[in-house]
Amino acid sequence: MKSGPDEDITVSPSAIRLLLLLRGSEPEGSGRTEQVTYMLETAIAMGILGEGERLPRESAFSAELGISSITLRQALNTLRMKGVITTTRGRSGGSVVQKPKEPSIEEMRHKLRQTSTEDLRDLWDHCAAVAAASAKLAAQRADEQDIEYLSGLAERFSSSATAQERRRADTRFHVTLGVAAQSSRLTASMLQIQAELSGFLWFDPEDESSIAEAIGEHADILRCIADHDAAAAASAAELHSNTEMERVIKQRLQMLMMSQEDA
């Protein structure tokens, strides 16, 4: 959401809880400050911390994250230099989330070319397993409010005007399946999976057939959850993940073939 200087709102407690579930997704070998920077930057890119939202004050925020104020201050400084947040000082000051930088199509294509088919398949196999388990439990445990929220995210995906909006809505839809399943472990797993795979999705704005296919698959998952059909919900979620996987692998192979023809 976009807000003016006097309209920004504080990040919600639910967003903080999702942020904490991103722990463990950081690159191996990184230091504490780098881990916190990665966690915050990934949460902003995924839309967990939204544009225009004000972060809690440093003392409260560091306590919520379970880190020292110095570590948080260093991480925020890095994010400021990247333009991910802006900070004003004083009694009414604080750090506000900015619109995340959108990677270029070429950057995303390069990332896809550099990722092996085996790694993509392994990542999506993990995604399918977690999505199926989440959808199954959501069909058993979700209430009307959960289903309404999932429906809103599916509609946001359908009406997205940009690839970035579409990726963020898709990410939140899948993460919210874990929330509706009332499982913090499944939610954390899906958050970490989406942090890895969202960069491979929806970078072709003209791929209307794939977008329509995903809209239909989201609707199938929602219908099964609303009907409390756990087995069908699991199958629909697994099918959706497998369809995404095959689409991305096909895109990668097509790009490699084009590169060989141009060589």
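The values are calculated or read from the model by the stated rules, or taken from the named source; none is laboratory data. Since the structure is predicted, the reported quantities are computational estimates derived from the model, not experimental observations. In this analysis, Cβ positions are derived from the backbone assuming ideal geometry, glycine residues included, and neighbour counts consider all displayed protein chains.
Overview of values
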| read-out | value |
| --- | --- |
| The listed residue being of a type in the set (D, E, K, R), in a helix (DSSP H, G or I) and closer than 29 Å to Glu238 by Cβ, out of Arg109, Arg73 | Arg109 |
| Flag for Val130 being within 12 Å of Ala237 (Cα to Cα) and not basic (Lys, Arg) | yes |
| Selection from segment 117-138 of residues that are closer than 23 Å to Leu256 by Cβ and of a type outside the set (Lys, Arg) | Thr117, Glu118, Asp119, Leu120, Asp122, Leu123, Trp124, Asp125, Cys127 |
| Yes/no for Ser198 being assigned to a helix (DSSP H, G or I) and in contact (Cβ under 8 Å) with a residue 40 or more places away in the chain | yes |
| Some residue of segment 24-35 being modelled with pLDDT under 85, over 23 Å from Leu197 (Cα atoms) and more than 15 Å from the chain's Cα centre (by Cα) | no |
| Residues satisfying the stated conditions in segment 23-59, i.e. surrounded by fewer than 16 Cβ atoms within 10 Å (Cβ to Cβ) and over 17 Å from Lys82 (Cα atoms) | Arg23, Gly24, Pro27, Glu28, Gly29, Ser30, Gly31, Arg32, Arg57, Ser59 |
| Residue match in segment 30-40 (condition: under 17 Å from His174 (Cα atoms) and either among the acidic types (Asp, Glu) or without any contact (Cβ under 8 Å) to a residue 60 or more places away in the chain (or both)) | no |
| Criterion: modelled with pLDDT under 95, farther than 28 Å from Arg23 by Cβ and of a type in the set (A, V, I, L, M, F, W, C) - qualifying residue of Ala161, Ala230 | Ala161 |
| Phe173 closer than 17 Å to Glu244 by Cβ and free of Cβ contacts under 8 Å to residues at least 60 places away in the same chain | yes |
| Unique match (being touching a Cys at 6+ places or on another chain (Cβ under 8 Å) and surrounded by fewer than 20 Cβ atoms within 10 Å (Cβ to Cβ)) among Ala212, Ala232 | Ala232 |
| Scope segment 130-145; condition among the aliphatic types (A, V, I, L, M) and either outside any helix (DSSP H, G or I) or touching a Lys or Arg at 6+ places or on another chain (Cβ under 9 Å) (or both); matching residues | Ala142 |
| Complete set of residues in segment 146-184 that are outside any helix (DSSP H, G or I) and more than 18 Å from Glu213 (Cβ to Cβ) | Ala161, Thr162, Ala181, Gln182, Ser183 |
| Qualifying residues in segment 235-248 (those that are buried (at least 17 other Cβ atoms within 10 Å of the Cβ) and of a type in the set (A, V, I, L, M)) - the one farthest from the chain's Cα centre (by Cα) | Ala236 |
| Residue in segment 42-61 that is touching a Leu at 6+ places or on another chain (Cβ under 8 Å), closer than 22 Å to Met190 by Cα and polar (S, T, N, Q) present | yes |
| Within segment 233-263, tally of residues that are of a type outside the set (Lys, Arg) and touching a residue at least 60 places away in the same chain (Cβ under 8 Å) | 18 |
| Residue list for segment 67-77, filter: touching a residue at least 12 places away in the same chain (Cβ under 8 Å) and over 21 Å from the mean Cα position of the chain (by Cα) | Ile67, Thr71, Leu72, Arg73, Gln74 |
